[in-house]
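A short write-up of the structure that comes next.
The values are calculated or read from the model by the stated rules, or taken from the named source; none is laboratory data. Values in this document were obtained by computation on a predicted structure and should not be read as measured data. FYI the Cβ positions are ideal-geometry reconstructions off the backbone, even for glycines, and counts take in every protein chain you see. These area figures cover heavy atoms from the full protein model, side chains too; ligands, DNA and RNA do not enter into them. Shrake-Rupley method; radii C 1.70, N 1.55, O 1.52, S 1.80 Å.
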Amino acid sequence: MPLDPAPLYFRTALLAEGWARHVRIETHGGLVARIETGVPPAPGDEVHAIALPGLPNLHSHAFQRGMAGLAERRGAGDDSFWTWREVMYRFLDRLGPEDMQGIAALAYMEMLETGFTRVGEFHYLHHAPDGRPYADPAEMAAAIAAAAAETGIALTLLPVFYAHSGFGGLPPGEGQRRFICDLDQFARLREGCRTVLAALPDTVLGVAPHSLRAVTSGELAQLLELAMDGPVHIHIAEQTREVEDCLAWSGQRPVQYLLDRADVDDRWCAVHATHLTTEECVRLAASGAVAGLCPITEANLGDGLFPAPAFLAAGGRFGIGSDSNVLIDPSEELRLLEYGQRLHARRRNILADADHTGNGAGNRTSSGATLFGAALAGGARALGVAAGIGQGRAADIVSLDANHPSLIGRTEDGLLDGWIFAAGRGGIDCVWRRGRRVVSRGRHQAREAIAARYAGMISRLL
Ligand code: NGQ
Ligand code: ZN
């Protein structure tokens, strides 16, 4: 095992129990071995100002980073999620395993640079461009794992089961040929994923029925047997047309349909869950499932606005995901989550939890602290790990630049407000994964090589 890095010392740190001052963190084998608070730095400690726990990114399709900005031209008719999907299908048509690794490495590097330290990769690009399985069914999953290894990001892999093109088990379309498995093939693919993950630290393997459009309720029941106690992620109720189609086919809305047929509990992540009635908000919240919100992508795709006040009032939990990776930045996801609600309600500080009792005197209803705390807890839950900086956990830490104009003079929860609402990615200084520094002054240590490889690859692809 490599030598443990020097202990980290922070003037202030957001630990699992809350804010603490003068914090010394020793790591051993990548895990937090000891935390002391209220102590001076020891000789040889690496001293920094402000520590936050790294955030989980609960929903990513890494390959879509390669088409960021390419679907922003108006077509002949009305552009929509469905026309974007056509562009996306054409883009993925050409990608091989090396392309997947190169694009995913860029995306994962950007995640680390902006404060995400774990990614939930919702992976469905399984087969070769002609639709035939690779000799190794986990070939593309291996490319994803290689990108995670290169960048250092922690990986929760969510291999996707995809079998149909619409409600009621409709046959898949030509553009979906690279995604399609039967249940036996999927079980082998998932075993291949397990093997691939064995070489990486801190991995989690889940299962992802793509959506109620792509999976029948019979298939869903069999997939859940594979999942055991691991995470279960599904896209749900993202588009109004999806809700209408589900109603026309079953007489029920997607979330109603799911909650009536599957044992949805706190292993589940309901990705998007944009279109919910108040009753569905209450039932989904009560199930313990995490709502997987992806505000940047949901805005980009014109999905609609998640009914956050009703869902949170019912005790619902959420995390954030970068989904299409059109822009990667957790501070911006959280800011947009709050701003969407403000624009709609014409009020301010909508999601700030009135009961939030952070130590920041006078900051008891900080929007930043509520958003960050919820996304940390919900994201970790959805990705199958413990949340926050604590003994025995991976030392996944983000430091803020105390000299950034929007952070100077702020303390505790005020730092989260300053970062999320004002500084954004410019506020990030360093990022450690398993105690090893992978980002310094906002730049990943392998940025040059990863960006250069990507540049060569993407110009060939386009
Ligand atoms: C996906 N993305 O699987 O990449 C989907 C689009 C679909 C989002 N839903 C495809 N944002 O849902 O059919
Ligand atoms: Zn998605």
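Quick rundown of the values:
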item: Residues of segment 212-270 satisfying the condition of being surrounded by fewer than 21 Cβ atoms within 10 Å (Cβ to Cβ) and of a type in the set (Asp, Glu); result: 219, 225, 229, 244, 245, 260, 263, 265, 266
item: Residue match in segment 277-285 (condition: in a helix (DSSP H, G or I), open to solvent by less than 10 Å² (accessible area, probe 1.4 Å), farther than 21 Å from residue 56 by Cα and touching an Asp or Glu at 6+ places or on another chain (Cβ under 6 Å)); result: no
item: Positions within segment 113-127 being of a type outside the set (D, E, K, R), away from ligand 2 (no atom under 16 Å from the Cβ) and surrounded by fewer than 24 Cβ atoms within 10 Å (Cβ to Cβ), in sequence order; result: 127
item: Output for segment 53-75, where each listed residue is away from ligand 2 (no atom under 16 Å from the Cβ) and either small (Gly, Ala, Ser) or touching a Ser or Thr at 6+ places or on another chain (Cβ under 6 Å) (or both); result: 54, 69, 75
item: Qualifying position, being under 30 Å from residue 431 (Cβ atoms), in contact with a Cys (Cβ under 6 Å, 6 or more places away or on another chain) and either at pLDDT 95 or above or more than 16 Å from ligand 1 (Cβ to nearest atom) (or both), among 48, 59; result: 59
item: Only one of 431, 385, 398, 439 that is over 22 Å from residue 335 (Cβ atoms) and either part of a strand (DSSP E or B) or open to solvent by 10 Å² or more (accessible area, probe 1.4 Å) (or both); result: 385
item: Some residue of segment 27-45 being among the polar types (S, T, N, Q), away from ligand 1 (no atom under 16 Å from the Cβ) and assigned to a strand (DSSP E or B); result: yes
item: Top-ranked residue of segment 307-356 - restricted to ones that are outside any helix (DSSP H, G or I) and of a type in the set (Asp, Glu), ranked as nearest to residue 290 (Cα to Cα); result: 323
item: Yes/no for residue 104 being open to solvent by less than 10 Å² (accessible area, probe 1.4 Å), within 16 Å of ligand 2 (Cβ to nearest atom) and closer than 22 Å to residue 190 by Cβ; result: yes
item: Residue within segment 153-164 that is more than 18 Å from residue 122 (Cα to Cα) and at pLDDT 95 or above present; result: no
item: Meets criteria (free of Cβ contacts under 8 Å to residues at least 60 places away in the same chain, touching a strand residue (DSSP E or B) at 6+ places or on another chain (Cβ under 9 Å) and open to solvent by 20 Å² or more (accessible area, probe 1.4 Å)) for residue 38; result: yes
item: Selection from segment 20-30 of residues that are surrounded by fewer than 19 Cβ atoms within 10 Å (Cβ to Cβ) and in contact (Cβ under 8 Å) with a residue 24 or more places away in the chain; result: 28, 29
item: Tally, over segment 262-276, of residues that are assigned to a strand (DSSP E or B) and not β-branched (Val, Ile, Thr); result: 4
item: Check on residue 160, within 16 Å of ligand 2 (Cβ to nearest atom) and either buried (at least 17 other Cβ atoms within 10 Å of the Cβ) or charged (D, E, K, R) (or both); result: yes
item: Hits in segment 286-296 (condition: within 16 Å of ligand 1 (Cβ to nearest atom) and either open to solvent by 20 Å² or more (accessible area, probe 1.4 Å) or over 22 Å from residue 385 (Cβ atoms) (or both)); result: 295, 296
item: Residues being more than 16 Å from ligand 2 (Cβ to nearest atom), closer than 26 Å to residue 171 by Cα and not in a loop (DSSP other than H, G, I, E, B) - total across segment 194-228; result: 11
item: Some residue of segment 48-62 being touching a residue at least 40 places away in the same chain (Cβ under 8 Å), crowded, with 22+ Cβ neighbours inside 10 Å and assigned to a helix (DSSP H, G or I); result: yes
